[in-house]
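First the structure, in the form of structure tokens, and then the observations on it.
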Amino acid sequence: MSIAMSQQSAMDGAVRHLVTHYNPKGNRVGWLMMSSILVEAWDLYSIAFVLVFIRDQYHPDPLLLGLAAAGTQGGALVGALLGGWLSDKIGRRIMFLSTMIMFIVLALLQAFVTSVGWLVVVRFLLGVPLGSDISNGYTYIMESMPKGKREVMGNRWQFMFAVGEVATLAVIAVFIAANLDHEMIWRVTLGLGAVPALVILLMRHDLPETAVWLIRHGRFREAKATARKMYNDDLDMLPNEDIVVPKPRPSAFLADIRKDPIRWRATLYGWIACFCQGSEFSTFAFYLPVLFVMVGVSSLLGIDLVTMALYCVAAVAGWVGPLLTPKIGQRGISIAGFAIVLVSLIVAAGALYTGATIILPFAAAAMLWGHYWDASNCMTIPTVVAKPEYRGTASGFAYMFVKLPSFLAIFLFPSLFAAVGQATATLLVAIFPLIGLLSAIFILPEIYGYEHD
């Protein structure tokens, strides 16, 4: 018993030492993990704009078309849970390499489908590595950067989303301006997602397994070698021999987080915020191009350019939010973000009711600003408070709450549009930022700089 306690104490001390002091290469690792967001943003937003071309070519029913748009989200729901668990079981490095390889192959397959039905199948499979990579990337960030800095890096995922969306829209604008065939536009656009995935794979290839994961699995010799390579630290508190560490059950993290009220409230808020931000974006923001066409704001190219301008605003918000987090905390950025979205959606609904469509782009810009704040930390919070042995599972479980509403909203929101109209549908969406705002005020404790005992 005393030997086991001594080993556990050494493991805890080594993990605390790494999290507190390192690392000098953490920013590089963090940005490499964040870069995978570009891939998801490309896939998510490109399909939103080229759906009109796919519809005109194949004439599917609305539900099948909605399923083509939402297929990636459904696959990501599976990938988040499966990938998070596998990240804890077999390691972070294996997972981030395998997911990028899968995405490259499946992204290319999108360009060669012969029907909307096959597009649905491919996009569902494509979502599996996407969901897995996000949950795995967050565990890598939390185990490769010191407290304080890791929260800021984790909150930058929305900035990366905006960059990916702007890049996608810029490419599509070039294709439209060049008068390319519409079939060529949608096939090339979807297939191009493989390019950033290949670049990311090559850049990540030499990254080692995280020292924290190796420690928690008793692989002390590899952990010491990794720490020596990355931090020039031999981790002298660890013995030079490996030990056998019992593997925790994936479901055990639920019982574990309930033991600490701070961790439990933070995790509960993370799940709620993930669901609310996923719902508000995948209804109103995801269908902005469609909404602009329906209310007659501009031409097809004009819609693309207006939407790109909106996401340039979103990119600024996504960059500013993490920089403010050390000053106003995770709780402050959440409250501000959900409040801005709530007011913006009410204004947008009013513009649609009254026919004052000139207001809509400004309300959309404000909504996106708020969204890129309230969504910034919903993955960071539950991942950072989880213990290392459950971190992948906890991250994947949280991401499930992003992908479930995203799948349902993208799949079903067009039907809601048709049933109650754009204005009422937009007003109904406001329930999500309201729930998020109340949760940030009454549930979320301040956990910026959190560290396990």
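The values are calculated or read from the model by the stated rules, or taken from the named source; none is laboratory data. Being a predicted model, the structure only gives us computed values, none of them experimental. Cβ atoms come from the backbone with ideal geometry, glycine included; neighbour counts cover every protein chain shown.
Some points to look at:
- Residue among 130, 97, 126, 106 that is of a type in the set (A, V, I, L, M), within 23 Å of residue 406 (Cα to Cα) and out of contact with any Asp or Glu (no Cβ under 8 Å at 6 or more places or on another chain): 106
- Given (1) surrounded by fewer than 16 Cβ atoms within 10 Å (Cβ to Cβ); (2) part of a helix (DSSP H, G or I), number of the condition residue 180 does not satisfy: (2)
- In region 66-93, the residues that are hydrophobic (A, V, I, L, M, F, W, C) and touching a residue at least 60 places away in the same chain (Cβ under 8 Å): 67, 69, 70, 76, 77, 80, 81, 82, 85, 86
- Among the residues of region 365-382, the ones that are among the small types (Gly, Ala, Ser) and part of a helix (DSSP H, G or I) come to 3 in all.
- The residues in region 112-168 that are on the phi < 0 side of the Ramachandran plot, more than 13 Å from the chain's Cα centre (by Cα) and not in a helix (DSSP H, G or I) can be counted, and the count is 7.
- Residue match in region 196-210 (condition: buried (at least 22 other Cβ atoms within 10 Å of the Cβ) and more than 30 Å from residue 105 (Cα to Cα)): no
- Flag for residue 30 being surrounded by 18 or more Cβ atoms within 10 Å (Cβ to Cβ) and either modelled with pLDDT of 85 or more or assigned to a loop (DSSP other than H, G, I, E, B) (or both): no
- Selection count where residues are among the charged types (D, E, K, R), touching an Asp or Glu at 6+ places or on another chain (Cβ under 8 Å) and either within 26 Å of residue 267 (Cα to Cα) or assigned to a helix (DSSP H, G or I) (or both), scope region 218-254: 4
- Qualifying residue in region 173-185 (condition: at pLDDT 90 or above, at negative phi and either among the basic types (Lys, Arg) or touching a Leu at 6+ places or on another chain (Cβ under 7 Å) (or both)): no
- Filter pass, residue 188 being free of Cβ contacts under 8 Å to residues at least 12 places away in the same chain and over 29 Å from residue 9 (Cα atoms): no
- Considering the conditions (1) modelled with pLDDT of 90 or more; (2) within 27 Å of residue 392 (Cα to Cα); (3) out of contact with any Asp or Glu (no Cβ under 9 Å at 6 or more places or on another chain); (4) crowded, with 22+ Cβ neighbours inside 10 Å, residue 135 is excluded by exactly one of them, (1).
- Filter result for the condition that a residue is touching a Phe, Trp or Tyr at 6+ places or on another chain (Cβ under 6 Å), closer than 14 Å to residue 333 by Cα and either at pLDDT below 90 or of a type in the set (S, T, N, Q) (or both), over 439, 376: 439
- Considering region 86-121, the residues that are in contact with a Gly (Cβ under 8 Å, 6 or more places away or on another chain), among the hydrophobic types (A, V, I, L, M, F, W, C) and buried (at least 19 other Cβ atoms within 10 Å of the Cβ) include one that is farthest from residue 41 (Cα to Cα), namely 86.
- For region 236-266, the set of residues classified as closer than 21 Å to residue 441 by Cβ, within 24 Å of the chain's Cα centre (by Cα) and exposed (fewer than 14 other Cβ atoms within 10 Å of the Cβ) consists of 262 only.
- Residue-level analysis places residue 39 outside the set of residues that are in contact with a Leu (Cβ under 9 Å, 6 or more places away or on another chain), in contact (Cβ under 8 Å) with a residue 60 or more places away in the chain and closer than 25 Å to residue 219 by Cβ.
Yes/no per residue for (1) of a type in the set (S, T, N, Q); (2) without any contact (Cβ under 8 Å) to a residue 40 or more places away in the chain; (3) in contact with a Leu (Cβ under 8 Å, 6 or more places away or on another chain):
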| position | (1), (2), (3) |
| --- | --- |
| 352 | no, no, yes |
| 362 | no, yes, no |
| 366 | no, yes, no |
| 369 | no, no, no |
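- Residues satisfying the stated conditions in region 123-132, i.e. surrounded by 22 or more Cβ atoms within 10 Å (Cβ to Cβ) and among the hydrophobic types (A, V, I, L, M, F, W, C): 124, 126, 128, 130
- Looking only at region 383-437, residues that are surrounded by 24 or more Cβ atoms within 10 Å (Cβ to Cβ) and part of a loop (DSSP other than H, G, I, E, B) come to 1 in all.
- With respect to the stated conditions, residue 215 fails to be part of a helix (DSSP H, G or I), in contact (Cβ under 8 Å) with a residue 40 or more places away in the chain, of a type outside the set (Lys, Arg) and over 30 Å from residue 238 (Cα atoms).
- Residue 320 vs. criteria without any contact (Cβ under 8 Å) to a residue 60 or more places away in the chain and either over 30 Å from residue 146 (Cβ atoms) or more than 20 Å from the chain's Cα centre (by Cα) (or both): no
- Check on residue 73, surrounded by fewer than 24 Cβ atoms within 10 Å (Cβ to Cβ), in a helix (DSSP H, G or I) and not charged (D, E, K, R): no
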